[in-house]
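**Student:** Take a look at the following structure, please.
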Amino acid sequence: MAGDKYTADTSRLRAASENIKYIGDFAGSLNETFNSQRRPTDQWPGINDEYALQAGQTYRQNVNDVLDIGTAIFGAIAGIAKGTLDSTAQITGTQGYALDSIAQVAAQTSDESTGGGKH
């Protein structure tokens, strides 16, 4: 807001949205990287003894929890980016409508002041 009027720099909003989207994509790739790098440890040595069976369950649960949290974070960031882009599109549409209306009124006013308007 600038004074009594609402202003929006849609190009900056769009750029910020793209940055948020990039962060979301990066967060998604972290999940994939984590998953691919931990896979070789799925069959860690000692898998058949009693302790390994117990620890293996905890390990698998921790891995699943990390992946679920990563997926939730990725989804949240993607939602924020989509919401910001949608909002930017709405602002741009409103801005365009307002500018068109102003131009239309200005043209009518100009016609009337030069005697070209309808009476």
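**Student:** For the range 26-68, what are the residues that are closer than 30 Å to Gln90 by Cα and either basic (Lys, Arg) or surrounded by 13 or more Cβ atoms within 10 Å (Cβ to Cβ) (or both)?
**Tutor:** Once the filter is applied, which keeps residues that are closer than 30 Å to Gln90 by Cα and either basic (Lys, Arg) or surrounded by 13 or more Cβ atoms within 10 Å (Cβ to Cβ) (or both), the range 26-68 yields Ala27, Gly28.
**Student:** Also: Output the number of residues of the range 23-53 satisfying the condition of being polar (S, T, N, Q), assigned to a helix (DSSP H, G or I) and at pLDDT below 80.
**Tutor:** 1
**Student:** Still on this structure, please answer the following. Among all residue pairs at least 6 apart or on different chains, which show Cβ distances below 6 Å where the first residue, located in the range 92-109, is under 15 Å from Asp9 (Cβ atoms) and the second is of a type outside the set (Gly, Ala, Ser) and open to solvent by less than 60 Å² (accessible area, probe 1.4 Å)?
**Tutor:** Pairs found: Thr92/Thr10.
**Student:** Does at least one position in the range 59-70 carry a residue that is at pLDDT below 85 and assigned to a helix (DSSP H, G or I)?
**Tutor:** Yes, the range 59-70 contains at least one residue that is at pLDDT below 85 and assigned to a helix (DSSP H, G or I).
The values are calculated or read from the model by the stated rules, or taken from the named source; none is laboratory data. The structure presented is a predicted model; accordingly, all values stated were derived computationally and were not measured. Virtual Cβ from ideal backbone geometry, glycine too; neighbours counted across all protein chains shown. Side chains are part of the model used for accessible areas, which takes the heavy atoms of the whole protein and leaves out ligands, DNA and RNA. Shrake-Rupley method; radii C 1.70, N 1.55, O 1.52, S 1.80 Å.
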